[in-house]
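As structure tokens, the structure follows; a few thoughts come after it.
The values are calculated or read from the model by the stated rules, or taken from the named source; none is laboratory data. Remember, it's a predicted structure, so these values are computed and weren't measured experimentally. Positions of Cβ are backbone-derived with ideal geometry, glycine not excepted, and every protein chain shown enters the neighbour counts.
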Ligand SMILES: [Zn+2]
């Protein structure tokens, strides 16, 4: 049970409701290149520490950086997909500070001339749509990684793995447009989805490919001025993000309500204790002494290059959702689930192309297929049932050759044994029975054995009818055509 901080405990819902939070997110995303941003060292995760290093990324004197063109391309893809303007001229700047994980003594980032500015993402939270502005997207190199545990002398020493140093990052800064933790969550979800669709990053949060900091302030509702913002760091999962922001909003309101003031500072989210703790004060702000990077030429992006990158962008999640609803007559909810990843969307489209009706493909994928995949610990790309095989099954169900209940059984066999629906239906004798006289014989038997329910039905209890339908279908092991069962029972019971 996380311990509540003293400021939080006395806040009533009425007090909380008088305030409004203002939230902006800064997201660092690792770009999916094979080599680092300014040298040819590998960016592979998990290699032996300090095996992917060279004079450039170790910051040795005299070593000169050379910009990796693919880094700029990926950042342009992200920028254009996020509706930003990619500037013709941008340049790198040195951000000077000393830290052991930064051997150069400065980070190469972008400052007054970032690669791209002025974009947006449309999100949906709490049933409402909202547009969140994106202030800027810029390029920078990552620092190395300090390792505080896992080594023989970790109790006395810290270790540094320079493999990560020089990995390409894009920092994506949002406008302070979000008002609730849910909106922040929705923004990060939508951003991650766009970065995955465009192949800009693998967005693996456990490996640090996607890192998020939040700027949070509160103000009385109805006021326009911003409160003092606090930067909350270490929000490296979606759950932490929401919890940390929730906590920070409550903490700030508590401080203000008890007559205190919020100092401008950086706080760290501590997941174990469930609260944020001060990390450093920003009131004596770092002077990073930014200046243009003298070892690198400015970045020039001509119209032709920008056009080429724009043309290479895939259909983005929002456009895909709209098209799915429009073309396949599925609900916006279905479309949202099915566009959750590019692979899922591709599977759905392939199934429909192979002849599956859109709505039943959507239903079967969301229930049978995703459930079975989850149980088997498999991703959609490794599904034992191909889109064409699912389409074949759904055509059998839709044309009435097998019942829905049998279809589910067939699906399980397909999933486990990799056989086709047609084969299974033929060899197991599962085809739907429309043999009226056979169904009638079974229905008579059911009616004879349930005199009490017959009496109830005749007394006007319509609900009992379902009982008879269920009994007959069960007696045929799910193979009786439900429509014929209905007709036969109506006739016999009237
Ligand atoms: Zn290197």
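So is residue 234 on the phi > 0 side of the Ramachandran plot and either surrounded by 14 or more Cβ atoms within 10 Å (Cβ to Cβ) or touching a residue at least 12 places away in the same chain (Cβ under 8 Å) (or both) or not? Yes, satisfied. Every listed requirement among (1) without any contact (Cβ under 8 Å) to a residue 60 or more places away in the chain; (2) within 27 Å of residue 196 (Cα to Cα); (3) in a loop (DSSP other than H, G, I, E, B); (4) within 16 Å of the ligand (Cβ to nearest atom) is met by residue 37 save one, (1).
Just to confirm my filter: which helices (runs of 4 or more DSSP H) fall fully inside region 321-415 and include at least 1 residues that are in contact with a helix residue (DSSP H, G or I) (Cβ under 6 Å, 6 or more places away or on another chain) and farther than 29 Å from residue 476 by Cβ? Correct list: 332-338, 342-353, 358-364, 387-398. Of the strands (runs of 3 or more DSSP E) lying entirely inside region 60-139, the ones with 2 or more residues being within 21 Å of the chain's Cα centre (by Cα) are found at 116-125. For region 92-102, taking the residues that are surrounded by fewer than 18 Cβ atoms within 10 Å (Cβ to Cβ) and touching a residue at least 24 places away in the same chain (Cβ under 8 Å), the one that is nearest to residue 116 (Cα to Cα) is identified as 96. Of the residues examined, residue 171 is not one that is away from the ligand (no atom under 16 Å from the Cβ), within 27 Å of residue 41 (Cβ to Cβ) and either touching a helix residue (DSSP H, G or I) at 6+ places or on another chain (Cβ under 9 Å) or not in a strand (DSSP E or B) (or both). Filtered by the rule that a residue be in a loop (DSSP other than H, G, I, E, B) and in contact with a helix residue (DSSP H, G or I) (Cβ under 7 Å, 6 or more places away or on another chain), region 433-459 gives a lone residue, 434.
For residue 466, are the conditions met, namely being loosely packed, with under 12 Cβ neighbours inside 10 Å and in contact with a helix residue (DSSP H, G or I) (Cβ under 8 Å, 6 or more places away or on another chain)? Here the answer is no, as residue 466 does not meet what is asked. Among the criteria (1) farther than 30 Å from residue 181 by Cβ; (2) more than 16 Å from the ligand (Cβ to nearest atom); (3) at pLDDT 95 or above, the one residue 46 does not fulfil is (3).
Being touching a strand residue (DSSP E or B) at 6+ places or on another chain (Cβ under 6 Å) and either assigned to a helix (DSSP H, G or I) or loosely packed, with under 15 Cβ neighbours inside 10 Å (or both) is the requirement here; does residue 306 meet it? So residue 306 passes the test. For region 410-437, filtering for residues that are in contact with a strand residue (DSSP E or B) (Cβ under 9 Å, 6 or more places away or on another chain) and touching a residue at least 24 places away in the same chain (Cβ under 8 Å) leaves 3. When 478, 422 are checked against the criterion of being surrounded by 18 or more Cβ atoms within 10 Å (Cβ to Cβ) and either under 50 Å from the mean Cα position of the chain (by Cα) or at pLDDT below 85 (or both), a single residue qualifies: 478.
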